[in-house]
Structure formats: structure tokens, C-alpha cells
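First up is the structure itself, then whatever we jot down about it.
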Amino acid sequence: MVGPMIYMDHHSTTPVDPRVLDALLPYLREHFGNAASRSHAFGQRAREAVEAARAQVAQLIGGRPSEIVFTSGATESDNLALKGVAHARRDEGRLKIVTVATEHKAVLDSATRLTREGFEKVLLPVASDGRVDLEAAREAIDERTALVSVMLCNNEIGVSQDLVTIGEMARSVGAWMHCDAAQGLGYVPLDVRTMPIDLVTLTGHKIYAPKGVGALWVRRSSPRVRVVAEIDGGGHERGMRSGTLAVPGIVALGTACAIQADEGANEAQRLRSLRNRLWERLSEMDDVRLNGPALTGPRHPGNLNVSFGFVDGESLLLALSSVVAVSSGAACASASLEPSYVLRAIGLDADAAASSLRFGLGRNTTPEEVDIVGEAVSEAVRKIRSGSPLWRARQRGEPVDW
Ligand SMILES: *Cc1c(COP(=O)(O)O)cnc(C)c1O
């Protein structure tokens, strides 16, 4: 008997929290005004809601409300951070963007686009646990660097980075530091009052708000960060991002940020223990490997990325498809069948990368779900392996590697 589908893909998106939905709906129904309408109460009402949300978003990361630029999501925020800073600093002769091989495509592809305009892109390598090679960072970050971009938590293997050390490297040479905090926001510490970070990307749909709304935080003093707009129009958001504000989405994002600020620390603890429970079940099998740092190490509390030896990830996904929604390591590029560049960057060969699953636990995940998924995965792996000649050879004690 198959129960309802279990959702364990919270890195790709999250459901909207009922409290967020309740906050949002009035701004679709009665309070539909344009926040830029200065001449009447409809506009006033919308504007007040936007400003309240701006304060909630800023508060989650320790920034000031006037430093928040609302966008359509993390992809746009990343584009604005990289291109906007590059274009603002070109005249200083700062033509270098330093980022990491395992960043999200929104960062990597923005950096690549800039190379066509004469900018230089440097990709820092990572160690086998996914942590940035700090020696390489020290070498790469110099007086010609406009921006350093390092994410808070990786969306595939969950690793979080030493943002303070890397940010200090950037500070020491006058480069600005950007952090894509789409993943792990509210779970992993990020406080711009104490950390040397100058721009922060965030997005609604990874923190239980709807898709299509996000923000870029841009530091206004010491240093005063400049960003050239990529979208021109009515001069909204202090000229950095024109376009009528998406009031319902912005209200939702603000509410979601307030919830993360209130509950994030406890929720992180809960997720960590559920994730450990899942790993305990899965690691009872032979030839199962955890990708990313150790579970006690620097990582997103709800992430578990696992390689299953002698198993093809696509077959495993298929076998699990009526029980649990998870994704293969290649999730973010799931339109292509390329093995994950993140898993390749931490040293997995194409086969191991292709035999990996990413579990993303979230706010609605229960211990019962973890047990059902642990059991279903074990059974599916056993079944698939029983059809593998290599696995049978391995069982006979022959030296087979994976
Ligand atoms: C999901 C995600 C993005 C893209 O966010 P959208 O809001 O969907 O554009 C960017 N970076 C990271 C790390 C993500 O996880």
C-alpha cells in the first residue's frame, strides 16, 4: 500500500507556509493598490505593507530596511549583484570576479556573461568536503577584484563556507563580497552587522513564501556599495530595480523572513536530528557514501546528499517515484542529463555522481516520513543491486571498486 507522496526536495522549492498565505491574501483581494501610487489610500496601504516587509527582510540578516532591493528571486538578485557591481566598478579598473566552482548557475552564468565584456572570471576550487580552498582564494583576490561571490549553503551538498575569512580577504583589497543566501537562510548564521559581506541574495520560495519574489541586500555604508541597474524603468527601488513592486509576494517574503528569524534556530535543530536519523537508516547499507562535509561539520541542517554504490541514480529515482519526491545530484540542471558539476567538483567520478540522491528535509518533514523514506530507499537499492553483476561479484568477495 502506497501512502501519499512524501516531499523531500526542499532545496528545489518549499510549500507556502499557511501563515505566509494568510498574510499575502489580503494584498491580492482588497489591498490591491500600486505601492508607487502617491495620491490615494490604496497606494498608501500597499506602500506601508511593502515597507513593513522591507524591515522584516532586513532584520533577518541584520541589515537596514533602506538597503533592501526587491527582485523577482535569487536568479535576478545574483544577476544584479554580479553585473551591477561589475558595471559600477569597471571605471576603477576592477575587472575581476572571483567566485567558486560549485556556485549556483545564476552566479556562474552571470560571471561568464561578464567575460564577454572584458571581465575576468576566476573559479575557486573546493576540497573533497566542498569547502573553498582558502589558499586559492588568497591568491585570486587582489586589487583588481571587483566582487567575490560565495554562497551561504550549497544547494546540492549543503556545505556552508567560511564567509568571514573570505570576506576579510575581499575587504583587505577593497573588493566587495556577495553571498547567495538562497539556501540555509535562518538556519546558518548570517549577520551583516558583524560579517564582512556587502551584498546578500535571498528568495521567497526556498523559505516557504511563493516563487517569483526575492531581494538583494546592498550595503549602504562602509563600504558604500554601488550597483548599476540591470532593469530600467520608473526608477523604483532607489533606481536599482525598476518595475511595479509585487506587493503580495513582498508581503509574503517579509512574513517568511520574520518566521525564519523567530523559529529558524529551533527548526535547524529539529531538521538536523531528522537528517541524522535518515542517515542512520541509509548508512546501515554497504557502499553508501555521504557527500559534502561530515554531519557535524559546516552544513545546511536539512541536506543529505548520498551516493549509492552499484546503483544508477535514475533507476533509483524511478523506483522511489511513487513514495518520495527527491532529486538526483544533477537536479538543478535536470533538463540536461549531465552529471552534477558540484559532485564532480568535490571529486566524484561521473558514475558516482550519477548514483547520488539529494534529500532536502523541511518544515513539514516528520520522523515517520524519515522512516518510510529510509525503508523505501533501502529496499529500492537492494532490488537494483540484485540485478547488478558487479554487485554480485562484490558480494562474492571479488575486488570491485565503485
Ligand atoms: C534556488 C536557488 C537560486 C535560484 O532562485 P530563484 O528564486 O528560483 O531564481 C539561486 N541560488 C541558489 C543557491 C538557489 O538554491
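The values are calculated or read from the model by the stated rules, or taken from the named source; none is laboratory data. Worth saying up front: this structure is predicted, and the values here are computed from it rather than measured. So basically every Cβ, Gly included, is an ideal-geometry build from the backbone, and we count neighbours across all protein chains shown. Surface accessibility is based on the protein's heavy atoms, side chains included, excluding ligands, DNA and RNA. Shrake-Rupley method; radii C 1.70, N 1.55, O 1.52, S 1.80 Å.
Before moving on, here are some points about what is shown:
- DSSP finds beta bridges in the stretch 18-259, and of those with both partners inside it, around 40 percent are antiparallel.
- For the stretch 344-402, the set of trypsin sites (Lys or Arg not before Pro) satisfying both a DSSP loop assignment and a count of at most 14 other C-beta atoms within 10 Å is given as ARG396.
- Prolate/oblate/rounded call for the stretch 141-268, Cα gyration tensor, a/c under 1.5 rounded: oblate
- If R0 equals 25 Å, the separation of the Cβ atoms of SER315 and ASP349 corresponds to a calculated FRET efficiency of about 0.85.
- Scalar couplings 3J(HN,Hα) for the stretch 348-365, obtained by applying the Karplus form with A = 6.51, B = -1.76, C = 1.60 to θ = phi - 60°, are 6, 7, 4, 5, 5, 5, 6, 9, 10, 10, 10, 9, x, 7, x, 4, 9, 5 Hz; x denotes Gly and Pro.
- Database remark: amide H of SER327 closer than 5 angstrom to the amide H of ARG358 (H placed geometrically; neighbours at sequence offset of 5 or more, or on other chains; Pro and chain starts carry no H).
- Per residue, the solvent-accessible area of the chain (1.4 Å probe, heavy atoms of protein chains only, all protein chains present) comes to 42 Å².
- Helical contribution to [θ] at 222 nm, DSSP H n ≥ 4, -39,500 (n - 2.57), averaged over the chain, rounded to 500: -12000 deg cm²/dmol
- Shape category assigned to the stretch 343-388 from the gyration tensor of Cα positions, a/c cut at 1.5: oblate
- Computed over protein heavy atoms with a 1.4 Å probe, the carbon and sulfur contribution to the accessible area of the chain reaches 52%.
- Annotation: lysines with alpha-carbon distance below 21 angstrom to LYS83 (same-chain offsets under eight excluded): LYS96, LYS105, LYS121.
- For the stretch 137-146, putting each phi into the Karplus relation 6.51 cos²θ - 1.76 cosθ + 1.60 with θ = phi - 60° gives couplings of 5, 4, 5, 7, 7, 9, 4, 8, 7, 7 Hz, in residue order, rounded to whole numbers and with x for Gly and Pro.
- Ordering SER273, SER340 by accessible surface, largest first, gives SER273, SER340; the 1.4 Å probe counts only protein heavy atoms, with every chain in place.
- For GLY73, residues with placed amide H under 5 Å, excluding near neighbours: GLY214, ALA215
- Under a 5 Å amide H cut-off, with hydrogens placed 1.01 Å from N, CYS153 pairs with GLN183 among residues at least 5 apart or on other chains.
- C-alpha center-to-center spacing [the stretch 31-59, the stretch 343-368] in angstrom: 40
- The magnitude of the dipole of the chain, with charges of +1 and -1 set on the Cβ of Lys/Arg and Asp/Glu and taken from the Cα centre, is near 900 debye.
- Vicinal HN-Hα couplings computed from phi for the stretch 111-119 (Karplus, 6.51 cos²θ - 1.76 cosθ + 1.60; Hz; Gly/Pro x): 5, 5, 4, 5, 5, 6, 9, x, 7
- A probe of 1.4 angstrom, applied to the heavy atoms of all protein chains, finds LYS211 with accessible area near 130 square angstrom.
- The chain: C-alpha gyration tensor shape, a/c 1.5 cut-off, then a/b vs b/c: oblate
- Sorted largest first by accessible area at a 1.4 angstrom probe radius, with every protein chain in place, the residues ARG224, ARG131, ARG289 fall in the order ARG224, ARG289, ARG131.
- Ranked by the mean number of other Cβ atoms within 10 Å per residue, highest first, peptides 178-190, 99-111 order as 178-190, 99-111.
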